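First the structure, in the form of structure tokens, and then the observations on it.
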Amino acid sequence: MANNTTNKELVVSALENGTVLDHIPADKVYKALDILNLKGVENQITIGINLSSRAQGKKGIIKIADKFFEDEELNKLALIAPKATVNVIRNFEVVEKKTLTMPEEIVGIAKCMNPKCITNHQPIKTRFTTIDNGNEISLLCHYCEKISDTRGIL
Amino acid sequence: MGKKSLISIGDFSKEEILHVLETAREFEQNKEQKFLEGKVIASLFFEPSTRTRLSFETAINRLGAKVIGFSDASNTSQSKGETLKDTIKMVSNYVDMIVMRHPLEGSSRYASEVASVPVVNAGDGANQHPSQTLLDLYSIMQTQGRLDSLTINMVGDLKYGRTTHSLLQAMSHFNPKFIFTSPEELKMPKEYKTFLDSKGIAYEETTSLEDHLNDCDILYMTRVQQERFTDPMEYERVKDVYRLSASMLTDVKENMKILHPLPRITEIDQDVDDTPYAYYFKQAENGLYVRMAIISYLLGYR
Ligand SMILES: [Zn+2]
């Protein structure tokens, strides 16, 4: 790690192996942890919130040691952080950079905004089709067929 | 063939819609066709709807099958806290098909996923009621001799009225033109207009009932339903906006027919009933043949 001492940011957060999620909106970091099921895992996790970013103003960053994700899992993040980037780190080096693709269907992580929807009254896993309107994403409920926005996520 | 359910009108292709309408016509000509003898069909009404229930149960009886079920949920195990899933799984074991109505939206889709037998949605809250849509289509076909290239004027609550939304979806297969007559507050939602735009289907919007009475083939009247409103003031403002009377019908097209999903309140005067344009009572009767056709199609008999 000695060769990293010139860069403070990297010193505290350098990963030997794992995944770095960058460019997450600052207020979505905790939701991102939920969506990736990182609550209660043993891995070492470093979180940065309200870091300054030229493109986003304030951003968040999550670094998870010794953890690698399937694309399918990562793409769920596109709902709350469509501009997030993923860096896969092995032996202190970025071996892969990925951007996210909006999944066509999301299961279980959003709540339907329709109070009369069956999923809000019975223990049922929600299912939505994503609709990309250009600058925002809406969710079409598989059950009640009503459209929700992404505020209902988790 | 795997089990097929009818939850929303979009579950049927254009061919399936035409097939069911054709079968309904056979049933109208010959009501006694008991080829479902020995079958048992559950009629589960988690909220009361006498009109729809009697129509379905008559259809089942006319086909020779037996009916079990309940007409409101207050005395069932559901009211004691049993989940919908458990009720549907239990009933599935006894019957060949489930017809269900439920106040919560999406309940029938969910039931069709946990049931081992076909499910027919007889209304899930404000969401879908596909047998109503098919009987509307049947009524249009019977009165006009075709479904293609007709002008449909939808009147009333186009915002909350599920029958107009489903009819719009189903008619989109048949190159229609739409007129939407509604007060500002109850206009056809944007998502349906976007849908029509994407299919290249023309529509016009107006707030005046007089505007397009004389150039439509079907006048589809709807009731403004109080229970759909969250704002009671909004309901008071719009509840009596349209009143169709016989004197307004002097220059309408000869083939024009008035449909209404019933029950009506004040939107159609009694004096319209005696004009040759009134079709809403016959429309309700058509529900029987259409429901017979839906049941026999889903059970693989027609
Ligand atoms: Zn829903």
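Considering only the range B:79-134, how many residues are surrounded by fewer than 24 Cβ atoms within 10 Å (Cβ to Cβ) and among the basic types (Lys, Arg)? Residues in the range B:79-134 being surrounded by fewer than 24 Cβ atoms within 10 Å (Cβ to Cβ) and among the basic types (Lys, Arg): 3 in total.
Can you go through A:Lys111, A:Lys97 and tell me which one is touching a helix residue (DSSP H, G or I) at 6+ places or on another chain (Cβ under 8 Å) and open to solvent by 90 Å² or more (accessible area, probe 1.4 Å)? Exactly one of A:Lys111, A:Lys97 is touching a helix residue (DSSP H, G or I) at 6+ places or on another chain (Cβ under 8 Å) and open to solvent by 90 Å² or more (accessible area, probe 1.4 Å), namely A:Lys111. The number of residues in the range A:108-154 being more than 9 Å from the ligand (Cβ to nearest atom), among the hydroxyl-bearing types (Ser, Thr, Tyr) and closer than 21 Å to B:Arg162 by Cβ comes to 2.
Could you list, in sequence order, the residues of the range B:148-160 that are open to solvent by 10 Å² or more (accessible area, probe 1.4 Å) and modelled with pLDDT of 95 or more? Listed by number, the residues that qualify are B:Asp148, B:Ser149, B:Thr151.
Annotation note: of B:Thr163, B:Thr194, the sole residue that is more than 16 Å from the ligand (Cβ to nearest atom), at pLDDT below 95 and under 30 Å from B:Leu36 (Cβ atoms) is B:Thr163.
For B:Leu44, the conditions (1) open to solvent by 30 Å² or more (accessible area, probe 1.4 Å); (2) touching a Gly at 6+ places or on another chain (Cβ under 7 Å) all hold with the exception of (1). Is there a residue being away from chain B (no Cβ under 14 Å) and free of Cβ contacts under 8 Å to residues at least 60 places away in the same chain anywhere in the range A:84-91? Looking through the range A:84-91, none of the residues is away from chain B (no Cβ under 14 Å) and free of Cβ contacts under 8 Å to residues at least 60 places away in the same chain. Scan the range B:131-144 and give yes if some residue there is within 13 Å of another protein chain (Cβ to nearest Cβ) and touching a Leu at 6+ places or on another chain (Cβ under 9 Å), otherwise no. Within the range B:131-144, none of the residues are within 13 Å of another protein chain (Cβ to nearest Cβ) and touching a Leu at 6+ places or on another chain (Cβ under 9 Å). The range B:29-117 holds helices (runs of 4 or more DSSP H) entirely within its bounds, and those carrying 2 or more residues that are within 13 Å of another protein chain (Cβ to nearest Cβ) map to B:84-92, B:107-114. Number of residues in the range B:85-120 that are away from the ligand (no atom under 16 Å from the Cβ) and either without any contact (Cβ under 8 Å) to a residue 12 or more places away in the chain or of a type outside the set (Gly, Ala, Ser) (or both) equals 21.
The values are calculated or read from the model by the stated rules, or taken from the named source; none is laboratory data. Quick caveat, the model's predicted, so the values are computed rather than measured. Heads up, the Cβs are rebuilt from the backbone with ideal geometry, glycines too, and the neighbour counts pull from every protein chain shown. In case anyone asks, the SASA skips ligands and DNA or RNA and just uses the protein heavy atoms, side chains included. Shrake-Rupley method; radii C 1.70, N 1.55, O 1.52, S 1.80 Å.
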